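Worksheet: one structure, shown below.
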Amino acid sequence: VQLQASGGGLVQAGGSLKLSCAASGSASRFVVMDWYRQAPGKQRELVADRTGIADSVKGRFTISRDNAKNTVYLQMNSLKPEDTAVYYCHTLYWGNNYWGQGILVTVSS
C-alpha cells in the first residue's frame, strides 16, 4: 500500500484548506484511511477517522472518501494557528502501519 498526500500550505486564520490522500497498490481498494497531525514539539495525534473527529477540530474539519478514487479528504475550515502541524494520512492493513508523506499546514494569525 502506498499513500500519496497532497494539499496543505500557508493560510491565514479563519481560512480553509483541503488535504487529499490517494491510496495505490493492489490492496488500495480495501484500506480505510485516517488523518493524523504532529505539531512542533508535540506527539502525533489522531485528527479524523471513520468513527469521528477529534474534539479539538470538531465542527471545523470533515473527513470524506471517494471510493472510486481510493482517496480520502480532510476539509479544514475556520483554521486556527494551533492547527499548524504536519498532517499525515495513515492506514492500518494486515497489522502494518502505512503513512503518507507529511503535509505541512501553516496557519498564520
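The values are calculated or read from the model by the stated rules, or taken from the named source; none is laboratory data. Given the structure is predicted, the values throughout are model-derived calculations rather than measurements. Note that each Cβ is placed from the backbone with ideal geometry, even for glycine, and that neighbours are counted across all protein chains shown. Accessible surface areas use protein heavy atoms only, side chains included; no ligands, DNA or RNA. Shrake-Rupley method; radii C 1.70, N 1.55, O 1.52, S 1.80 Å.
Looking only at strands (runs of 3 or more DSSP E) that lie completely in segment 68-109, which have at least 2 residues being within 14 Å of Gly7 (Cα to Cα), open to solvent by less than 50 Å² (accessible area, probe 1.4 Å) and of a type in the set (Phe, Trp, Tyr)?
Those strands (runs of 3 or more DSSP E) span 85-93.
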Here the residues within segment 1-37 that are in contact with an Asp or Glu (Cβ under 7 Å, 6 or more places away or on another chain) and open to solvent by 40 Å² or more (accessible area, probe 1.4 Å) are Tyr36
Yes or no: Ser64 open to solvent by 30 Å² or more (accessible area, probe 1.4 Å), part of a loop (DSSP other than H, G, I, E, B) and within 20 Å of Ser16 (Cβ to Cβ)? no
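May I ask you to list the residues in segment 38-57 that are hydrophobic (A, V, I, L, M, F, W, C), closer than 14 Å to Thr91 by Cα and either touching a His at 6+ places or on another chain (Cβ under 8 Å) or open to solvent by less than 40 Å² (accessible area, probe 1.4 Å) (or both)? Show your work before the answer.
Step one: of segment 38-57, the residues hydrophobic (A, V, I, L, M, F, W, C) are 39, 46-48, 53-54, 57.
So of that shortlist, the ones also closer than 14 Å to Thr91 by Cα come out as 46-48.
If the condition is that a residue be hydrophobic (A, V, I, L, M, F, W, C), closer than 14 Å to Thr91 by Cα and either touching a His at 6+ places or on another chain (Cβ under 8 Å) or open to solvent by less than 40 Å² (accessible area, probe 1.4 Å) (or both), then Val47, Ala48 are the ones that fit.
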Residue, modelled with the lowest pLDDT, within segment 13-61, restricted to residues that are in a loop (DSSP other than H, G, I, E, B) and among the polar types (S, T, N, Q): Ser26
Among the numbered criteria (1) within 19 Å of Gly8 (Cα to Cα); (2) of a type in the set (Ser, Thr, Tyr); (3) in contact with an Asp or Glu (Cβ under 8 Å, 6 or more places away or on another chain), which one does Thr91 miss? (1)
